[in-house]
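Have a look at the structure below, then the notes.
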Amino acid sequence: MATDRSPGPLDGVRVLDLTNVLAGPFACHQLAHLGAEVIKVEAVGRGDLARNLGSDPELSARGMGISFLAQNAGKRSLALNLKAPRGKEVLRRLVQTADVLVENFRPGVMDRLGLGHDALKQENPRLIYCAISGFGQDGPWADRPAYDQIVQGASGVMSITGDADSAPLRVGYPLADTVGGLTAAMAICAELNAPDRGGFIDVSMLESVLATMGWVVSNFLVGGVVPTPNGNENHTSAPSGTFQCADGLINIAANKDDQWEALARHLGRDDLLRSPEYASREDRKRNRLRLRAELETVLTTKPAADWARALNAINVPAGAVMSVPEILSHPQVSDRDFLGRFEDVPGVGRAVDLVRVGVMIDGSRPSVDTPPPTLGQHSADILERLGYGPDEIETMRREGVI
């Protein structure tokens, strides 16, 4: 991969990533792509649990599991025993040089190690300390272990995913972890801009997910409507949902009256516009299943991609339901520099393609120059830069501190 990238907006910011698996690593993944120097502090001999996760058992056995590769490019790895006095000393010295520390241990773990926010603030009053947890730093569930699926279930997401027959269903990717990570990255970027740095950021994955459910939550809080699972139907409008075509499914979102009218006319179903059953938005919502059946009598005569092109041309939002391989190979993604390739990745032994971040800045995609690190790959270099000599480093290695 080329190493001539332009400086990112977070160039000069040092982040200590003490996180595991997904929410925290994903947050720091965003920061690394935006230019921050991210030092991943991992447990000696084990490292991030994600190193052993993913769909390739051989890579997982090597400690370079796909789940780890996905969000750790551009970081440097320091293998450090935080239970050892010398390991704590190393972290404190690192904190003196850092702008941000991110951890996703259960609440109280860092305090018990003597490395919590109050202790580290003594080393660096301007340190931004971000703690990511399933439910927040206090409350009756604070001490509960939390993985993505637990939070999806607790947040109500599963209760509204699927339809009346299939719900509750888990969303098909780690939604809570990812949203929690994005929330943390946003809060960190905001705190970096604070006139008086040094804040404590408490990120709850549960609350992060609930905050993204604005319409669903507000329909209950304001409208008194208990959210229900509606499958592929948009409960706010019709015809708006998934429809059968000749070769598969298409999403159509004719949410405005003029879009509905354009859709009916394009399909040659002007008669539907004269039916009292579909006269208003509320009428169409009440009769959505019958309306879908009427539209599918025409939609099933052509492939989804053909309908998508034709409907978008008349300003009716539509798109074929695609697989992950299909969308990754589509020019809309492949031609916008969304994927980054790393050749001959250490610990992997071959090239790896990884996603970057979902933003362009001044026409270019933020990126990192280096692949995901092997466990402890940069330990000696990081310690040397902190002022430790070769003999001290060798002693720490021999004692299992690094």
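Looking across Leu267, Leu328, one residue alone is at pLDDT 95 or above, under 29 Å from Ile160 (Cα atoms) and out of contact with any Asp or Glu (no Cβ under 6 Å at 6 or more places or on another chain). It is Leu328. Would you be able to say whether some residue in the range 49-61 is in the same structural domain as Gln137 (by TED's automatic domain parsing), closer than 23 Å to Asn193 by Cα, of a type in the set (S, T, N, Q) and surrounded by fewer than 16 Cβ atoms within 10 Å (Cβ to Cβ)? Within the range 49-61, none of the residues are in the same structural domain as Gln137 (by TED's automatic domain parsing), closer than 23 Å to Asn193 by Cα, of a type in the set (S, T, N, Q) and surrounded by fewer than 16 Cβ atoms within 10 Å (Cβ to Cβ).
Listed conditions (1) out of contact with any Pro (no Cβ under 6 Å at 6 or more places or on another chain); (2) part of a loop (DSSP other than H, G, I, E, B); (3) touching a residue at least 40 places away in the same chain (Cβ under 8 Å) are all met by Ala246, apart from (1).
So how many residues does the range 187-216 have that are modelled with pLDDT under 95 and part of a helix (DSSP H, G or I)? Final tally of qualifying residues: 3.
Taking residues in the range 359-387 that are farther than 26 Å from Gly45 by Cα, and partners anywhere that are β-branched (Val, Ile, Thr) and buried (at least 17 other Cβ atoms within 10 Å of the Cβ), the pairs with Cβ atoms closer than 8 Å and at least 6 places apart or on different chains are Arg365/Val357; Pro366/Val357. Considering the range 134-146, and only residues there that are at pLDDT 95 or above and within 16 Å of Thr183 (Cβ to Cβ), the residue that is surrounded by the fewest Cβ atoms within 10 Å (Cβ to Cβ) turns out to be Gln137. With the structure loaded, tell me whether Asp163 is over 20 Å from the mean Cα position of the chain (by Cα) and part of a loop (DSSP other than H, G, I, E, B) or whether it fails that test. Taking the combined requirement at face value, the residue satisfies it.
Against the condition more than 23 Å from the chain's Cα centre (by Cα), in the same structural domain as Val151 (by TED's automatic domain parsing) and among the aliphatic types (A, V, I, L, M), how does Leu82 come out, does it pass? Yes; evaluated as a whole, the condition is true for this residue.
Of the numbered criteria (1) exposed (fewer than 14 other Cβ atoms within 10 Å of the Cβ); (2) not in a strand (DSSP E or B), the one Pro366 fails is (1). Does any residue of the range 222-236 turn out to be in contact (Cβ under 8 Å) with a residue 60 or more places away in the chain and not in a loop (DSSP other than H, G, I, E, B)? No, because not a single residue in the range 222-236 is in contact (Cβ under 8 Å) with a residue 60 or more places away in the chain and not in a loop (DSSP other than H, G, I, E, B).
The values are calculated or read from the model by the stated rules, or taken from the named source; none is laboratory data. Being a predicted model, the structure only gives us computed values, none of them experimental. All Cβ positions, glycine included, derive from the backbone under ideal geometry; neighbour counts span all protein chains shown.
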